[in-house]
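**Q** Let me begin by handing over the structure; questions about it come next.
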Amino acid sequence: MILAIDIGNTNIVIGCIENQKILFVERLSTNSTQTVLEYAISFKNVLELYQISPDQISGSIISSVVPPVTNIVKDAVVKITHQDVMIVGPGVKNGLNILMDNPAQLGSDLVVNAVAAIAEYPAPLIIFDLGTATTISVIDKKKNYIGGMIMPGLRTSLDSLVSRTSQLPRISLDPPKKVIGTNTIDCMKSGVLHGNAACMDGMIERIELELGEKATVLATGGLAKIVVPNCRKEIILDDELLLKGLWLIYKKNQGK
């Protein structure tokens, strides 16, 4: 059994995988002020919720886009498992052919998503990851990672809107009853949810036009499940994509 962790700007995704089966997926808040001990206690508590002992963990792998937190989390995992931890990055094989100006600039989370998507779904592929930022990865029919887009995330946009306007309140992200809102809160909900859904639909059209063919479209990330139901394009929701990719990269590097 391996412990797989993805450190994002807002959340840390954590899960255990055994024989390619994902036993659970949970999210913790990313907090750069937490100590090694505090993270260790959090991880240990999550494992206990699923009746998993740290002694059952044979190895761990971490991907991260938050460098100041990476080593803290790594040390926390070592503290509870007493095992070495693999960090996705230079020197770790992933098997992905990246056709970008500077492949080293590609975030480890995007690499992990792409590795999982190529292994499980037919190419070409479009992958939406909805988190602090909304990232779009494009993989051509030859399974090359050819590029993508980065946009402000749903909550990032909403927080900016609320903080810069004096009369707009903070709102929940449950969907409104209709597209045309008749009060301030429903207008905001519709703008955020249907606006992001329409953006995804539009980006799919433009990417497929540039590719010259239809693509398999995936969505993952903490906010995907509330946006995808409002999209009109066919989009596969895969909340486990990151953990699947971490498992594949871990297995690919066994024996190193």
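**Q** My understanding is that a pair violates if its Cα-Cα distance is over 20 Å; which of Lys21/Lys251; Lys93/Lys143; Lys44/Lys79; Lys79/Lys244; Lys93/Lys251 do that in this structure?
**A** Violating the 20 Å Cα-Cα cut-off are Lys79/Lys244.
**Q** Continuing with the same structure: Whole number please: convex hull volume per residue of the Cα set in segment 142-183, in Å³? Mind dumping the intermediate values first?
**A** Details: hull volume 6.0 nm³, N = 42.
Taking the convex hull of the Cα positions in segment 142-183, it is 142 Å³ per residue.
**Q** While we're looking at this one, here's another question. Run the simple label-point estimate for Thr182 and Asn45 please: 7 Å along Cα→C-beta, distance reported in nm.
**A** In this crude spin-label approximation the distance works out to 4.4 nm.
**Q** Which whole-Hz couplings ³J(HN,Hα) result when phi for each residue of segment 52-57 is put into the Karplus expression 6.51 cos²θ - 1.76 cosθ + 1.60, θ = phi - 60°, listed in order with x for Gly and Pro?
**A** Result, rounded to whole Hz: 10, 8, x, 5, 7, 7.
**Q** Once the Cβ-Cβ distance between Asn71 and Met149 is put in as r, and R0 is 30 Å, what FRET efficiency do you end up with, to the nearest 0.05?
**A** Using R0 = 30 Å, I get an efficiency of 0.50.
**Q** Something else now. Name the residues whose placed amide hydrogens come within less than 5 Å of the amide hydrogen of Ala133, ignoring near sequence neighbours (fewer than 5 apart) on the same chain.
**A** Under 5 Å from the amide H of Ala133 lie the amide H atoms of Gly153, each far enough along the sequence or on another chain.
**Q** Here's a follow-up. Report the Stokes-Einstein translational diffusion coefficient (µm² s⁻¹, integer) for segment 54-158, Rh taken as the Kirkwood radius over Cα pairs, at 37 °C with viscosity 0.692 mPa s.
**A** So the translational diffusion coefficient is about 214 µm²/s.
**Q** Which residue, chosen from Gln20, Val179, Met100, occupies the Cα position most advanced towards the positive end of the dipole of the chain, where the dipole is computed from +1 (Lys, Arg) and -1 (Asp, Glu) charges on Cβ about the Cα centre?
**A** Val179
**Q** Just name one of Asn31, Met203, Ile5: the one whose Cα is farthest towards the positive end of the charge dipole of the chain (beta-carbon charges, Lys/Arg +1, Asp/Glu -1).
**A** Met203
**Q** Assign unit charges at the C-beta atoms only (+1 for Lys and Arg, -1 for Asp and Glu), then state the dipole size of segment 58-138 relative to its Cα centre in Debye, rounded to the nearest 20. Write out the running numbers ahead of the final one.
**A** Numbers: 3 positive and 6 negative charges, 34 e Å.
For segment 58-138, the charge dipole is close to 160 debye.
**Q** Accessible area of segment 1-151 with a 1.4 Å probe: how many percent of it is carbon plus sulfur?
**A** In segment 1-151, the share of accessible area belonging to carbon and sulfur is 49 percent.
**Q** Taking H as built 1.01 Å from N, whose amide H comes closer than 5 Å to the amide H of Ile236, not counting residues under 5 places away?
**A** Val217, Leu218, Ala219
**Q** Okay, next question. Mind checking the per residue accessible area of segment 31-187 for me, 1.4 Å probe, whole number of Å²?
**A** With all protein chains present, segment 31-187 gives 55 Å² per residue.
**Q** Please determine, in degrees from 0 to 90 and to the nearest 10, the orientation of helix 36-49 with respect to the longest principal axis defined by the Cα atoms of the chain, where the helix direction is its Cα long axis.
**A** It is inclined by approximately 80 degrees.
**Q** Can you send over the carbon and sulfur percentage of the accessible area for segment 196-241, probe radius 1.4 Å, protein chains only?
**A** 49 percent
**Q** Kindly state, to the nearest 0.05, the FRET efficiency for Lys93 paired with Ser157, given R0 = 41 Å and r defined as their beta-carbon distance.
**A** That pair, Lys93 with Ser157, gives E of 0.65.
**Q** Determine the equivalent ellipsoid of segment 1-65 by diagonalising the alpha-carbon gyration tensor, then write out the semi-axes as square roots of 5 times the eigenvalues, largest first, rounded to whole Å.
**A** Working: eigenvalues 74, 37, 20 Å².
Rounded to whole Å, the semi-axes are 19, 14, 10.
**Q** Right, another one. Springs between alpha-carbon atoms under 10 Å, Gaussian network over the chain: tell me which of Leu242, Leu154, Leu23 tops the mean-square fluctuations.
**A** Leu23
**Q** Then there is this: Placing unit charges on C-beta atoms (Lys and Arg positive, Asp and Glu negative, everything else neutral), compute the dipole magnitude of segment 1-134 about its Cα centre in debye, rounded to 20.
**A** It comes to approximately 80 debye.
**Q** How big is the Kirkwood radius of the chain, worked out from every pair of different alpha carbons and given in Å to one decimal? Please report the intermediate quantities before stating the final value.
**A** Numbers: mean 1/r = 0.0518 Å⁻¹.
About 19.3 Å, per the Kirkwood formula over Cα pairs.
**Q** Of all trypsin sites (Lys or Arg not before Pro) in segment 79-187, which ones are in loop regions per DSSP and have a Cβ with at most 14 other Cβ atoms within 10 Å?
**A** Lys93, Lys141, Lys142, Arg164, Arg170, Lys177, Lys178
**Q** In what order, largest first, do Leu193, Leu209 sit by accessible area if the probe radius is 1.4 Å?
**A** Reading off the accessible areas and sorting them downward yields Leu209, Leu193.
**Q** When the chain is fully extended, how far beyond the present Cα-Cα distance does Ala104 get from Asn253, taking 0.36 nm per residue of separation? Walk me through the numbers before you get to the answer.
**A** Details: separation 149, 0.36 × 149 = 53.64 nm, distance 1.87 nm.
In short, 51.8 nm is gained.
**Q** Given only helices, namely DSSP H runs of n ≥ 4 each adding -39500 (n - 2.57), what is the per-residue ellipticity at 222 nm of the chain, to the nearest 500 deg cm²/dmol?
**A** Numbers: 7 runs with 96 residues, N = 256.
My calculation for the chain gives -12000 deg cm²/dmol from helical runs alone.
**Q** Hey, could you get me the Stokes-Einstein D for segment 105-148, Kirkwood radius over alpha-carbon pairs, 4 °C and 1.567 mPa s, rounded to whole µm² s⁻¹?
**A** Roughly 124 µm²/s, to the nearest whole number.
**Q** Hey, how much of the P(r) for segment 128-256 falls beyond 26 Å, as a percent of Cα pairs? Numbers along the way, then the final one.
**A** Values: 2586 of 8256 pairs.
The proportion of pairs with Cα distances above 26 Å equals 31 percent.
**Q** Say each of His82 and Val25 gets a label point 7 Å from the Cα, pointing the same way as Cα to Cβ; how far apart are those two points in nm?
**A** 3.2 nm
The values are calculated or read from the model by the stated rules, or taken from the named source; none is laboratory data. Since the structure is predicted, the reported quantities are computational estimates derived from the model, not experimental observations. Here the Cβ is made from the backbone with ideal geometry for all residues, glycine too, and neighbour counts use every protein chain on show. Keep in mind that these areas ignore ligands, DNA and RNA; they rest on the heavy atoms of the full protein, side chains included. Shrake-Rupley method; radii C 1.70, N 1.55, O 1.52, S 1.80 Å.
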